[in-house]
Structures are given as structure tokens and as C-alpha cells.
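Single-structure report; data block below.
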């Protein structure tokens with residue numbers, strides 16, 4: 001970008017003296033911002049953070065270029081952490097199938113589910129709870145699922161502040177409970193099902209229920225004393241402990257659920273079969289080279305395997321039981 005000419009600067013100074021500086025500089029700022037956005041749009045991955053119902057903006061493409069792969073990732077951790085954690089996986093899969101990357105983030109699990117059901121995205125990594133919620137629509141199908149490193153299991157944990165005397169669900173009566181998302185398996189469905197089995201509705205047991213939007217926020221809510229307890233994903237809990245050893249002195253686990261089928265990768269039911277095969281092959285090959293193994297290791301994943309529908313039956317049964325018992329809670 002060339003430097004402004006002296007005459008132009010004099011004109012700006014005259015505008016300032018006349019009281020028009022704000023308008024002049026605002027117009028200049030808008031023009032520069034428009035140029036920056038136009039320049040970066042063609043070079044950077046597209047990230048959608050709009051709410052469901054808004055039109056999905058088109059991603060700029062060059063003439064003759066393959067359409068971008070719209071890859072959604074449910075924000076099981078905060079949006080910034082989700083992008084930081086999964087952008088390499090999204091980039092690698094898109095590269096392997098020969099499509100440009102389009103990383104899609106949505107405000108809730110429900111928004112991701114609706115987008116995959118309605119074909120607004122091409123592929124999604126979703127929570128197990130989101131997948132079992134989609135079974136009724138019959139518009140989503142499993143693609144692959146992760147196998148985690150030894151010692152890591154996908155289950156729900158009930159955590160409380162380290163100084164809490166609570167040792168079980170009943171001890172939390174009258175307290176503040178943190179759930180993550182209404183369609184979260186470990187962060188909502190599991191605890192609601194447990195309470196339904198105990199004959200106790202969540203809003204009867206807890207004085208207040210908050211929805212944090214992600215497991216890491218639920219963990220922070222307990223560690224900082226905002227909530228008296230939270231139901232969180234064991235995988236996220238372990239990851240947070242590795243990143244912040246002090247967390248072990250701020251919160252503790254007092255209950256663990258059984259393990260469940262892990263968060264799967266899914267595609268729309270009517271997705272192009274050629275693309276489905278390419279995507280499946282790309283995921284199954286990730287552990288076959290050094291780059292892929294390193295990327296998976298950072299995610300705590302050993303490899304991806306073909307999806308096994310039977311692994312999700314227990315979570316689907318939890319949803320049915322919770323619905324029958326009227327124990328599901330909503331924000």
C-alpha cells in the first residue's frame with residue numbers, strides 16, 4: 001500500500017479543522033477494513049459462528065475451484081479452544097479429500113445437529129448426545145469414531161469444589177448445578193437420566209441450573225465457586241488437568257458413570273457416496289503416517305475406526321429413559 005500524497009494529508013487536516021474528521025476517518029477505516037477482509041477471505045479458513053436460521057454465507061472461491069468442505073465441530077470445549085484443538089484435523093481431512101477447508105462453529109449442539117440434518121454442512125464431529133438426539137430424524141449417519149489412547153474413556157464425571165463435603169447426588173440438594181448443553185451426553189443427558197432413576201427431577205434437587213455451553217467452562221465454574229457441582233466429559237477433565245495442574249486443588253471428582261460410545265463423526269444421510277467414501281478413507285488413514293499420528297496423539301486419539309452403531313445403544317437408551325421420566329432439562 002503506497003503512502004498518501006501530501007495533498008491528501010492537507011485535505012484531511014482541513015477536514016479536521018472543519019469538524020469532519022470523524023466522518024472522513026470512519027470512511028477511510030471502512031475502506032481499509034473492506035480491503036483486508038476481501039484479501040483474507042480467499043486465503044483463510046472460513047469460520048461460521050452465526051446462529052441457526054441465518055443463511056450460511058457463501059465462501060469465496062476461485063473460478064474452477066472445488067467447493068469448500070463445510071466441516072462442523074461441536075463446541076464441547078469453548079469456541080476458541082475448539083478451533084485451536086481441531087483445526088489441524090479439519091485441515092488434514094480437507095487436504096486429503098482435495099477440498100478447501102471451511103471450519104464451521106455453531107453456538108449449540110442443537111444448531112450443529114440441525115445443520116447436519118438439513119445438509120447445511122458436509123460433515124461434523126458431534127457429541128454422542130447430539131447423535132442419539134438425531135436418531136429420530138433418520139437424516140444423519142455415522143461415518144467413523146475415535147479410539148482413544150490407553151487410559152482415556154468417554155464417560156460423565158460429577159465434579160465439585162475441592163473443599164466440598166458432598167460425596168453424592170443427594171448431597172447437592174439446594175445447590176447450583178452446571179450443565180454444558182441440553183444435547184450433551186456426559187454434560188446433561190447422563191446426570192438427568194441418573195436423577196430420573198432416583199425419582200428426582202433436576203429442578204427439584206437443585207436450587208439453580210446453569211448451562212455453560214462447554215465442558216471447560218463448567219469445570220471453571222466449579223473451580224471458581226460459581227457452581228456447586230458440574231457434570232463434565234472425562235476426556236475434557238483429563239485434558240484440563242494436563243494443562244493446569246492447579247485444577248486438582250480446586251475441584252475433585254465424586255462420581256463416575258459407565259463409559260459410552262465416543263463422540264462420532266457423522267454426515268448427512270443424503271451425502272454424496274463418493275464424498276462419503278473419500279472422507280471415511282481419509283479418517284481411517286490418519287494413523288498411518290507420522291504427521292497424522294502426531295496430530296491424533298495431541299487429541300488423545302489412537303486412531304479412527306469404522307463407526308459401530310451398537311456402541312451408541314446405551315446412550316440412546318439413556319435418552320429414552322430420561323424422556324419417559326420427564327427428567328430432561330432445558331435452558
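Only the coordinates and a few stated rules stand behind these numbers; no lab work does. Predicted, not measured: the structure shown is a model, and the values here were computed from it. Please note: Cβ atoms are built from the backbone with ideal geometry, for glycine as well, and neighbour counts cover all protein chains shown.
In plain terms, the bigger the Kirkwood radius, the slower the diffusion; for the range 119-210, with that radius from Cα pairs, at 4 °C and 1.567 mPa s, Stokes-Einstein puts D at 83 µm²/s. Ranked by how many other Cβ atoms sit within 10 Å of their own Cβ, fewest first, the residues 308, 220 fall in the order 308, 220. Ordering 215, 133, 87 by the number of other Cβ atoms within 10 Å of each residue's own Cβ, fewest first, gives 87, 133, 215. Considering every Cα-Cα pair within the range 155-259, what fraction, in whole percent, is farther apart than 15 Å? When all Cα pairs of the range 155-259 are counted, 56 percent exceed 15 Å.
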